[in-house]
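Student: Provided herewith is a single structure, encoded as structure tokens, for subsequent inquiry.
The values are calculated or read from the model by the stated rules, or taken from the named source; none is laboratory data. Given the structure is predicted, the values throughout are model-derived calculations rather than measurements. Here the Cβ is made from the backbone with ideal geometry for all residues, glycine too, and neighbour counts use every protein chain on show. Just the protein is used for accessible areas: all its heavy atoms, side chains included, with ligands, DNA and RNA removed. Shrake-Rupley method; radii C 1.70, N 1.55, O 1.52, S 1.80 Å.
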Amino acid sequence: MHRDAYPSPPPWSGSLRAEVEKGFATTGADTPGWPNPRPDMEPPADEEYSRCLDPGKYRILDARVAAWAQVLAGRGLASTSDLPAASAATWIGAFRGVEGLLRVQEIRPVRPRGLALLLATTLVDGEPFGLDIAVAGDTAAPVLIDAMPSCGCDACDDGSASLLDDLDGWFVVVATGGVVHARDGKRSITRTADGWQGTGDDLDEAWLRAETPVPPGMRRWIGAPWL
């Protein structure tokens, strides 16, 4: 991830996230968090790279989404609905088949021209696991922007706090509006809460600014602010 010169979080984000945290006390009551298993950066054991002893702990992500959905609906900012689970297999950049998907939720802003946030609960060994995250516009097909956790093995686990912070960040990024994602056949770049991340060569963070021209063949997902 690149942490470049992006504007500070919008002034509304602090109060919104505080309200989500309060609601999460209820929606997350049955999905407790967990500490970083290696707070002093000690190396993982070799066997941790090939295992996840408690995959069910990642259901905490669904509980956090529920808290966001409640707060956004309560403020009259967005509504949440279910889409066919198989729809996530057709997202641009999707890497899972239908058998790896359980549920897709669409969080769509009330204000016009905002990007919708799509969250697909994934399956591993037939059990709910993490989230695949996409954005979509009125005329822009859904495109995958992240998968959480990025790796579910015990060696890569750094606790639930950072995971929830990253998920909160996607809500803030999409609700802020502007260019969230740009891609062509070989490259992609996505705005994050504190910078940008991308794949491919010769990436330019300026592509995430609506006023900046982009190379031929590059598509951008641009939305109006939710509030």
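Student: Would you check which residues across region 83-112 are over 21 Å from Glu127 (Cα atoms) and touching a Lys or Arg at 6+ places or on another chain (Cβ under 9 Å) and list them?
Tutor: Those that are over 21 Å from Glu127 (Cα atoms) and touching a Lys or Arg at 6+ places or on another chain (Cβ under 9 Å): Ile92, Gly93.
Student: Pairs, please: C-beta under 6 Å, at least 6 apart or cross-chain, first residue free of Cβ contacts under 8 Å to residues at least 24 places away in the same chain and hydroxyl-bearing (Ser, Thr, Tyr) and in region 70-98, second surrounded by 15 or more Cβ atoms within 10 Å (Cβ to Cβ) and assigned to a loop (DSSP other than H, G, I, E, B)?
Tutor: From region 70-98, no pairs qualify.
Student: Which residue is surrounded by the fewest Cβ atoms within 10 Å (Cβ to Cβ), if the candidates are limited to region 142-157 and must be within 20 Å of Arg220 (Cα to Cα) and touching a helix residue (DSSP H, G or I) at 6+ places or on another chain (Cβ under 8 Å)?
Tutor: Looking at the filtered set, the residue picked out is Asp146.
Student: Ok, one more. With the checklist (1) open to solvent by 30 Å² or more (accessible area, probe 1.4 Å); (2) among the charged types (D, E, K, R); (3) assigned to a strand (DSSP E or B) in hand, flag the one item Arg191 doesn't pass.
Tutor: Every listed condition holds for Arg191 apart from (1).
Student: Taking strands (runs of 3 or more DSSP E) that fall entirely within region 92-184, which contain at least 2 residues that are within 22 Å of Pro32 (Cα to Cα)?
Tutor: Passing ranges, in order: 101-109, 116-124, 127-136, 143-148.
Student: Also: Being open to solvent by less than 10 Å² (accessible area, probe 1.4 Å) and either modelled with pLDDT under 95 or over 13 Å from Pro215 (Cβ atoms) (or both) is the filter here; which residues of region 178-188 pass it? If you could, list the steps in order and put the result at the bottom.
Tutor: Applying the first criterion (open to solvent by less than 10 Å² (accessible area, probe 1.4 Å)) to region 178-188 yields 179-182.
Answer for region 178-188, where residues must be open to solvent by less than 10 Å² (accessible area, probe 1.4 Å) and either modelled with pLDDT under 95 or over 13 Å from Pro215 (Cβ atoms) (or both): Val179, Val180, His181.
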